[in-house]
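Q: What follows is a structure written as structure tokens; I'll ask about it next.
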Amino acid sequence: MTWSNVKLIFKRETRDQLRDRRTLFTIAIMPLVLYPLMGMAMLQVAQFTREHPTQIWLVGTENLPDSPALLVDGDLDPVWNQGERSELLQICAPNDRDENFHKLVQQFHENRTMPGDPDLINQMIDQEMKSRGVDLAIVFTAGENGETEEAQNSGPSAIVLLNSASDRSRIAADRCSQILSRWRTASIKQALESHGVPISVAEGVSIKRADVSAKSKRTAATWSKILPFIVIVWSLTGAFYPAIDLCAGEKERGTFETLLSSPAGRSDIAIGKLLTVMSFSMVTSLLNLLSMAFTGLFVASQMGGGVGMAGLGLPPASSMLWLVLALIPISALFSAIALAAAAFARSSKEGQYYLIPLMMISMPLMMVPMLPGVQLDLGTSLIPVSGLMLLLRGLIEGQYAEVLPYAAPVCMVTFTCCYLAIRWVVRQFNSESVLFRASEKFAVGAWLQQVMRDRHDLPSVGNAFLLGVMVLVLGFFVQLAVGSTMPGSWLELAKTILIVLIATIGMPAILMAMFLTRNPRKSLRLRLCSIPAACAAVLMAICFHPLVTWFTGFVLFVYPLQGDATGKAEFVGSLVDQAPGLWAIVLLMAIAPAIIEELAYRGFILSGLESLRNRWQAILITSALFGIAHFAIQQAIITFAIGMILGVIAIETRSLIPCFLYHATHNSITVLLPRVDATTVDGSPVLPWLLFTNDGSIWQYSVLPGIVMTLLGVLLLVWFVKNRVVPDNSVELDTTFLQTALGRK
């Protein structure tokens, strides 16, 4: 990489972007002009807004006590109207319809319904209120029926009838609730005083709430949730249009080939464009932040709230420093991802389609830190974007002692993501198939005909991703449907698990292999393997199990199971205990998932991703899809690690049989280990050396034997990588290689 070339390309691209009116409008004009215009519009609209009075219908006022009086001359007593504008509550004059309405409400209060429709009384009451032209009705009753002595002694009751579908009715109910509450408190106080009982007896223990935080701390806590979100959202938005214009736009204008033919290398061009997009992303974010802040403070002061409207003051001075420091890596990350996606696009319109999923994926990561109760810990610090936002929250609030211990993992994750994204950009610019994709029109019918006509022995990359997405979507909806009805027995549990596995994973993989490829056996890797490979896979699963167990404990320490997940696991465990024997548990929980999942992931998906010509990239993507399909974050991380090992085995052996054996062996040990008892351990010559327990119920691996087994597993994995153990007696495999060689010649 030549930095002088990078500098020249950066200046060229920046100058071209500054000449583009659309880019200037998005980055500079919109934040500097749009927000002030919006603020002026809010001030103008506020001049025309006013609080409309609400109509209140009071029925049964004869049941009210004389003291304390709620009404004076047919209107609410101003004594109870503290802080409220009396003209906003207008009382309707009584008429001859009050008595019938009172009886109707009495029926409603006594939970009596009319024959036919149980909601008929509600509809009649609502219709009566509409015909009367009122927003709220308050009916005062002397008791349940108003006639018995017990009801008379119980005191009057007020039934507030509102229409929750109407804003005016809800506003009227809120206004009246304060008045009725004050009047009720005064009534209780007067009744107690008349009997010589102090009011403190009725109130009981006095509970007072005091906020001990300083005003600056409250202000910082509020801004710490707003500022990081604004900065990161606009850094993502600001990278969109420059990235599209610098790649897809240049392809449309025909200037991209001229740049590629210059003495600058592909890496120089990629880094120069990346710095340009990154610069515009940072400028967009900062301009939007400053414009929104000044406009908001100005509007607040003009609307009477002052700078401290709703207790919100100016953000801490140090917040700008932390935001600018965080903006550098986050802009680099979003700019690199946007530029890599835009390089794949053939037009500006197509580039927008590719960048919309980036926004959809990033938004949940930005929303998680704003949820109540989410704090920065080791688990959240390892989540991209979310960890950085939580770190910014703590720094803006001044909680340095609490968040600085997690600054290292946050920075590690952020810079790792930036490095991978930049590598992706450089790789895109070095790929001729990416930069010079021919434009084509898409039609569903023609695409289906092409898929069926141009089938190959192995699936394509698109077929592999299609199956991965299909498994995720089907798994989500099927588990959502199955989760609504929990199984009640072992047989129902077995049926549920098998249906989910077959319907969401097994059948889609088999059907796509049959209809989208010419050789389903080859696309699913259904080949024989050598005996050494099969034995090595089983032995490697046994040797790696201590390491996986320790890794599982670490994952559960970082991301502890929540109460619902723990309760569900205990419930499923109780159903598993009803199994007819260990053979049934192993068959359902270990062997069946191993066979079905391997067909889809190490079979069809990995075979398709091998077209990427980078086996480690294919293994990584397959393992990621394998982990995401398990939904729970704890299980996703664990299965991702196991998927990496299984991917290596599948790539090196070109057969699913070793993957079946490894997966089934690992699952079987995981299922059987919690069911080991002291008698079994004492009766074995190996288990007392390998396992130990502290409480007699949970068996764990001893440290030294576990380390020895892990080292042996690593040696077996290296053996798989260094020595391809493809069987020589596989007729199908040799014939395929021979046909391929002849075809190439």
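The values are calculated or read from the model by the stated rules, or taken from the named source; none is laboratory data. Keep in mind it's a predicted model, so treat the numbers as computed, not measured. So basically every Cβ, Gly included, is an ideal-geometry build from the backbone, and we count neighbours across all protein chains shown.
Q: Can you say whether A618 is small (G, A, S) and closer than 20 Å to V500 by Cα, as far as the supplied structure shows?
A: Against the criterion (small (G, A, S) and closer than 20 Å to V500 by Cα), A618 does not qualify.
Q: Please enumerate the residues belonging to segment 605-636 that are surrounded by 20 or more Cβ atoms within 10 Å (Cβ to Cβ) and under 28 Å from the mean Cα position of the chain (by Cα).
A: Selection gives I605, L606, L609, A618, I619, I621, T622, S623, L625, F626, G627, A629.
Q: To continue, here is another question. Just the residues that are within 15 Å of N122 (Cα to Cα) and outside any loop (DSSP other than H, G, I, E, B), please, taken from segment 158-173.
A: I159, V160, L161, L162, listed by residue number.
Q: Does D96 qualify as being charged (D, E, K, R) and either modelled with pLDDT under 70 or under 17 Å from A158 (Cα atoms) (or both)?
A: Considered against the rule, which asks whether it is charged (D, E, K, R) and either modelled with pLDDT under 70 or under 17 Å from A158 (Cα atoms) (or both), D96 comes out as yes.
Q: I'd like the residue in segment 487-525 that is charged (D, E, K, R) and out of contact with any strand residue (DSSP E or B) (no Cβ under 8 Å at 6 or more places or on another chain) and, out of all such residues, is surrounded by the most Cβ atoms within 10 Å (Cβ to Cβ).
A: R525
Q: Separate question: Which condition number does A579 fail, the rest of (1) surrounded by 17 or more Cβ atoms within 10 Å (Cβ to Cβ); (2) touching a residue at least 24 places away in the same chain (Cβ under 8 Å); (3) part of a helix (DSSP H, G or I); (4) of a type in the set (A, V, I, L, M, F, W, C) being met?
A: Looking at each condition in turn, A579 falls short on (3).
Q: While we're here: Residues in segment 321-370 that are assigned to a helix (DSSP H, G or I), surrounded by 15 or more Cβ atoms within 10 Å (Cβ to Cβ) and of a type in the set (D, E, K, R): how many?
A: Number of matching residues: 1.
Q: Only one residue in E597, E570, E610 is part of a helix (DSSP H, G or I), touching a His at 6+ places or on another chain (Cβ under 8 Å) and assigned by TED's automatic domain parsing to the domain that holds V473. Which one?
A: One residue alone meets the criteria, E597.
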